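Take a look at the structure set out below.
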Amino acid sequence: MSISVVVILEMIVIFTMIAVGFILRRSGHLGDSTVQSVSYLITYILNPCLNISIAISYEGKLPEDRFARAFIWCAILYAVLIGMSYFFPIALRIPRNEKFTYKMLTVYGNTGFIGLPICRAVFGTESLVYVTINNILFTFLIYTYGSAILRRTKRLQDGKAAEKPSFAKTLKSIFNVGTISGIIAIVIYLTDPPLPTFIGEIFSYIGEPTIFLSLMILGSSVASKPLKTLLSRDGRMYPFLLLRMIALPIVIVLIMKCFIKDPLMLGTLAVLISLPGGNMPLILSQEMGLECGELSRGIILSTIICIFTIPVVMLVL
């Protein structure tokens, strides 16, 4: 069975779980307060436990040179994405106060809740070490580069200076439970400490519901917006999504194939570079009081179309 077929089948599984959230929201069984509570549970308890559980289940010790190569490649990919995040808004003539939407959608994919299950299904649990390395960089960048972009946008939208967080507050944001769990996971990968079986079981049982619940919440987000609103707003979103989710990943994968000889690393990075927009930029935007309707729309649309775009990108592997 080809990689593209496996990806398509996995996307069907993922969208079935998204459909559950959609149906529950539309039927009135999943309200805003429940979504907020479940989102907190996923972010601060379930997902961190899942990261550690996967690391514990990894057989053997991860070679340091392999970790270094993966870290460098993830850093290179984020550098490319940040560069393209400035190019796309200029090319599409995006208004100044909406540029942040396209920058966030370009740089920050849904690596945790969609990337993780796809990589595990297609490439096996061994690939998840690369997802973990990527997620550490993701968290660092969202609270540094991402927050800086959002603060600048806040000044534009309000016409006044937004409060700049102190160094201590920024440091606290970066070293949150997600980052700390990622660092713990990397230490486990690199050292392979002898841990009692029950420790792995604790983290496994707590972490396992992460994927279903997170995809259910995505489905709820889709259901919360009228279909007409999703389809009829700014038409520039469509060429952007084609560039970001098909053209750019294909070019990057073709270039990576010339340098990366490890098929597992190459395939995992190909999935991570092809993912739809992540929820974290939206959460931070809402906390800052930004007008982020277009960002929400971009996340939802990219999530819907990724069932087609990710398999297309996998064809070039």
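Only one entry in Ile250, Ile255, Ile202, Ile211 is β-branched (Val, Ile, Thr), over 18 Å from the mean Cα position of the chain (by Cα) and crowded, with 17+ Cβ neighbours inside 10 Å, namely Ile250. Entry remark, segment 102-121: residues being in contact with a Leu (Cβ under 8 Å, 6 or more places away or on another chain), crowded, with 20+ Cβ neighbours inside 10 Å and more than 15 Å from Thr303 (Cβ to Cβ) number 4 in total. Of the residues that make up segment 271-286, is at least one more than 19 Å from Met104 (Cβ to Cβ), touching a helix residue (DSSP H, G or I) at 6+ places or on another chain (Cβ under 6 Å) and of a type outside the set (Gly, Ala, Ser)? Yes. Looking only at residues in segment 94-114 that are among the aromatic types (Phe, Trp, Tyr) and part of a helix (DSSP H, G or I), the one that is farthest from Lys154 (Cα to Cα) is Phe113. In summary, Val187 fulfils each of the numbered conditions (1) out of contact with any Asp or Glu (no Cβ under 6 Å at 6 or more places or on another chain); (2) over 21 Å from Pro281 (Cα atoms); (3) surrounded by 17 or more Cβ atoms within 10 Å (Cβ to Cβ) with the single exception of condition (3).
Here is a yes/no grid of residues against (1) under 19 Å from Met84 (Cβ atoms); (2) at pLDDT 95 or above; (3) touching a helix residue (DSSP H, G or I) at 6+ places or on another chain (Cβ under 8 Å); (4) basic (Lys, Arg):
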position	(1), (2), (3), (4)
Met237	yes, no, yes, no
Val251	yes, yes, no, no
Gly293	no, no, no, no
Ile300	no, no, yes, no
Ile305	yes, no, yes, no
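Check whether at least one residue in segment 220-230 is of a type in the set (Ser, Thr, Tyr), part of a helix (DSSP H, G or I) and free of Cβ contacts under 8 Å to residues at least 60 places away in the same chain, and report yes or no. There is no residue in segment 220-230 that is of a type in the set (Ser, Thr, Tyr), part of a helix (DSSP H, G or I) and free of Cβ contacts under 8 Å to residues at least 60 places away in the same chain. Within segment 167-179, at least one residue is part of a helix (DSSP H, G or I), β-branched (Val, Ile, Thr), at pLDDT 80 or above and under 21 Å from the mean Cα position of the chain (by Cα).
Take the conditions (1) in contact with a Leu (Cβ under 7 Å, 6 or more places away or on another chain); (2) among the small types (Gly, Ala, Ser); (3) closer than 18 Å to Pro239 by Cα; Ser274 misses just one of them, which is (1). Scanning segment 285-299 for residues that are surrounded by fewer than 21 Cβ atoms within 10 Å (Cβ to Cβ) and of a type in the set (A, V, I, L, M, F, W, C) turns up just one, Met288. Here Ser221 passes the criteria (1) under 28 Å from Tyr143 (Cα atoms); (2) modelled with pLDDT of 90 or more; (3) surrounded by 14 or more Cβ atoms within 10 Å (Cβ to Cβ) except the one numbered (2).
Filtering segment 190-208 to residues that are hydrophobic (A, V, I, L, M, F, W, C) and either in contact with an Asp or Glu (Cβ under 8 Å, 6 or more places away or on another chain) or more than 25 Å from Pro117 (Cβ to Cβ) (or both) leaves Leu190, Phe198.
Restricted to helices (runs of 4 or more DSSP H) entirely inside segment 1-92, those with at least 2 residues that are of a type in the set (Lys, Arg) and within 30 Å of Phe240 (Cα to Cα) are 3-26. Among the listed residues Leu290, Leu266, identify the single one that is in contact with a Leu (Cβ under 8 Å, 6 or more places away or on another chain), part of a helix (DSSP H, G or I) and farther than 16 Å from Arg244 by Cβ. Among Leu290, Leu266, only Leu266 is in contact with a Leu (Cβ under 8 Å, 6 or more places away or on another chain), part of a helix (DSSP H, G or I) and farther than 16 Å from Arg244 by Cβ. Here Leu195 fulfils each of the conditions (1) assigned to a loop (DSSP other than H, G, I, E, B); (2) farther than 20 Å from Gly60 by Cβ; (3) aliphatic (A, V, I, L, M) apart from (2).
For segment 231-261, filtered to residues that are part of a helix (DSSP H, G or I) and small (Gly, Ala, Ser), the residue that is nearest to Ser4 (Cα to Cα) is Ala247. Going by the structure shown, is Leu272 within 23 Å of Ile305 (Cβ to Cβ), of a type outside the set (Asp, Glu) and within 21 Å of the chain's Cα centre (by Cα)? Judged against the criteria, Leu272 is a match.
The values are calculated or read from the model by the stated rules, or taken from the named source; none is laboratory data. Note that the structure is predicted; figures quoted are calculated from it, not measured. Here the Cβ is made from the backbone with ideal geometry for all residues, glycine too, and neighbour counts use every protein chain on show.
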